[in-house]
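For reference, the structure discussed in these notes is given below.
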Amino acid sequence: MANEKSLRVERLKQRAKYCCCRYCGSELHVRQIVFHTQAMARIELYCDQCQKIEYGVEKEAYASAKAFVEANQFNHFPDMEDNEQRLQMNVAKVCNITSWQLRYLGLTNETGMAVPVHINEYAMEQCTTVEEDRLEQLLEEADQWMQSLQQED
Amino acid sequence: MDAIITARGLGCQSGDRFLLKNVNWEIEEKSRWIILGMNGSGKTTLLSMLSGYQDYTHGELTWRGVDYRKQDILEIRRKMGFISNSYFDRIYQNESVMDLALAGLSGTLGLEETCITSAHVRKLKRLLERVGLQDRLDASYSWLSKGERQNILILRALLAQPEVMVLDEPMTGLDVVMKHKMKRFVKGIADERRHTMLYVTHHFEEISPDLFDHCLLMRHGQVYRSGGVEDVINSEVISGFLQKPVKIDRMKDGYYHLSFKS
């Protein structure tokens, strides 16, 4: 019993580190929701921003879901007004789908992502700062690519 | 029959105030209890303790003879289908219907994905369709009407296949159509005789000796009287309980009717 109790609380503490809110992407906190002597009966993960008990999703999955919703203007709730809340609900919807798939494919486990993740920042439509060295490298790669095209012709 | 839940000297103190004091109650398996009491008499507190959602400060509470504190409280919550607007309205606001309904499977307040299977999700969707709430899956709890909330809490309880159904004022705030549906639902549970049932109400019109076999009267956080429904719900006992002369009759449909004597 004591082990079970601490296991759940420990799991929630770990989850708060590698997960974020499915709706707003904020950090999750371990909170005491109800008064009880048994910790496992009173402690839950909570999003302060949304003010809700929130199980969360891996941060990588959230970033991917948000990018998908924004890029594709994905809308699962056509009857709702176009506002921040609808955007958040759509992101959460895609988060649910993504986390289901990741779990099904064995890519996530109880410690978060089970495999190394390399986020493609260009595909995710994020602005990145390119240092001078990296810029030269990219230009070189572009030259090589152009040359290879010319050779093919 | 064996007692499924036993309370001995059960109490709950908050600061100097006792919300519940010296409650002795034995609930036998498959028994169907009606719990009557005025506002603030401790009914919801008592039921939330029995359902494992609130802790007690005094006395002893056992599930099949074993102390609640020595058991997995989440397992007790799963066995107790606790349906209480007045309790869950204090906890759930912005949580989605899907999350809070599926959380009933783990006995927690938040989702625990590890115990949820695709069969559970399909079952939840089927149940939502049956009550016409299939389009509310992603809605926040606070967006729902009183009746819809009541239905969602029932689904939450049913998903976990509980042994005890705990209905805390299930008709309060419902319109006539929803009340009628709820009455049918309660009758269905009572007729099945598969569950032990604890039903809290203020209203005698919701009580019929055909549906319930025991009654517990609560006043000022204490048990005023308990026993068989017909032994407890009669003009004499209820007049003493309400401290006003009243007359209890049975209506044609078998339900009680209370009127105040002038």
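Numerical summary
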| read-out | value |
| --- | --- |
| Only listed residue being touching a Lys or Arg at 6+ places or on another chain (Cβ under 7 Å) and open to solvent by less than 40 Å² (accessible area, probe 1.4 Å), chosen from B:THR201, B:THR196 | B:THR196 |
| Hey, B:SER86 touching a strand residue (DSSP E or B) at 6+ places or on another chain (Cβ under 9 Å), of a type in the set (Ser, Thr, Tyr) and open to solvent by less than 10 Å² (accessible area, probe 1.4 Å) or not | no |
| Any hit, the stretch A:104-116, residues being in a helix (DSSP H, G or I) and within 11 Å of chain B (Cβ to nearest Cβ) | yes |
| Matching residues in the stretch A:77-94 - criterion: being open to solvent by 90 Å² or more (accessible area, probe 1.4 Å) and either at the interface with another protein chain (Cβ under 10 Å from one of its Cβ atoms) or of a type in the set (Gly, Ala, Ser) (or both) | A:ASP79 |
| Every residue from the stretch A:30-66 that is open to solvent by less than 20 Å² (accessible area, probe 1.4 Å), away from every other protein chain (no Cβ under 11 Å) and out of contact with any helix residue (DSSP H, G or I) (no Cβ under 7 Å at 6 or more places or on another chain) | none |
| In the stretch A:67-76, the residues that are under 24 Å from A:ARG103 (Cα atoms) and either facing another protein chain (nearest Cβ under 10 Å) or open to solvent by 70 Å² or more (accessible area, probe 1.4 Å) (or both) | A:PHE68, A:GLU70, A:ASN72, A:HIS76 |
| Test set (1) modelled with pLDDT of 95 or more; (2) open to solvent by 10 Å² or more (accessible area, probe 1.4 Å); (3) within 27 Å of B:ASP231 (Cα to Cα) - B:GLY59 fails condition number | (3) |
| Residues satisfying the stated conditions in the stretch B:28-52, i.e. over 25 Å from B:VAL232 (Cα atoms) and either open to solvent by 10 Å² or more (accessible area, probe 1.4 Å) or away from chain A (no Cβ under 14 Å) (or both) | none |
| Yes/no for B:SER262 being modelled with pLDDT of 90 or more, more than 14 Å from the chain's Cα centre (by Cα) and of a type in the set (Ser, Thr, Tyr) | no |
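The values are calculated or read from the model by the stated rules, or taken from the named source; none is laboratory data. The structure displayed is predicted, hence computed values, not measured ones. Note that we place each Cβ from the backbone using ideal geometry, even for glycine, and neighbour counts take in every protein chain shown. Ligands, DNA and RNA are excluded from the accessible area calculation, which covers all protein heavy atoms including side chains. Shrake-Rupley method; radii C 1.70, N 1.55, O 1.52, S 1.80 Å.
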